[in-house]
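Report on the structure given below.
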Amino acid sequence: SFQILHSCPDSFINDLLDTLKGKDLDDIGDINSFTKTFFWFFTDIVAGSNPTIPSKEQARKVLVLNELIARTETFQNRDPNSTVILPTGDGMAIGFSDSPEYPLRLSIQLHKILTEYNKSQRRKKEKVLLRIGIDIGPVYIIKDLNGQDNVWGPGIILTRRVMDLAGDQNIFCSSRYAEDVRVLSPEYK
């Protein structure tokens, strides 16, 4: 191997050493130095990966969740240019940049539609139980492996943590979000 390396041009050897040291990653990706703040809605299906429920049934619940979210008035009337939608396996993260009321309204509307849906299901295993978290926070816009815009940052991470505290059929929001929204309308108190 020494003879092979000895016969390689110096530029190749230097590039190889930089790669082994991780220096080739120093210039990867343009992370915009500015963040964008979104009002976050984060949900997932409670026990969505329960090994006692067949995979096909779990997938059906994800499709039901997607359809029910799509039926809400808030989702239908959103501005697609100011909304980030991220599937999360058995859930969804949606960021709205144009109104702090959207995550709360979406949560309430989804909860009502889901309650009606669950009433129509005969077996408990067929019901879709959700937990929802709401928060406000900044994220960086970054490119994913498909070259599409994606997000990363404390806004979405903390919203996920708020959701993780919720139980099935609960809507939890951070105190920061609650303080901001409750002054907007008497119905939010």
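Structure notes:
- Positive dipole terminus of the chain, leading residue within I13, P54, L104 (C-beta point charges): P54
- Centre separation in Å (Cα based) which lies between segment 118-141 and segment 60-107: 11
- Highest-fluctuation residue, L63, L17, L110 considered, GNM on the chain with Cα pairs under 10 Å: L17
- For the set D79, D90, the ranking by accessible area, highest first and with no ligand, DNA or RNA atoms included, is D79, D90 under a 1.4 Å probe.
- Highest-first arrangement of 52-58, 155-161, 95-101, where packing means the average Cβ count within 10 Å: 155-161, 95-101, 52-58
- Taking a Cβ cut-off of under 12 Å around L106, the surrounding Lys, Arg, Asp and Glu residues balance to a net charge of +2, with basic ones at +1 and acidic ones at -1.
- Of all lysines in the structure, those lying under 22 Å Cα to Cα from K143, and not within fewer than 8 positions of it along the same chain, are K23, K36.
- Answer label, with Cα Rg over 2.2 N^0.38 Å calculated from the coordinates and candidates [x] 1.15; [y] 1.25; [z] 1.38: [z]
The values are calculated or read from the model by the stated rules, or taken from the named source; none is laboratory data. This is a predicted model, so every value here is computed, not measured. Note: ideal-geometry Cβ built from the backbone for every residue, glycine included; neighbour counts use all protein chains shown. SASA here: full protein model, heavy atoms, side chains in, ligands and nucleic acids out. Shrake-Rupley method; radii C 1.70, N 1.55, O 1.52, S 1.80 Å.
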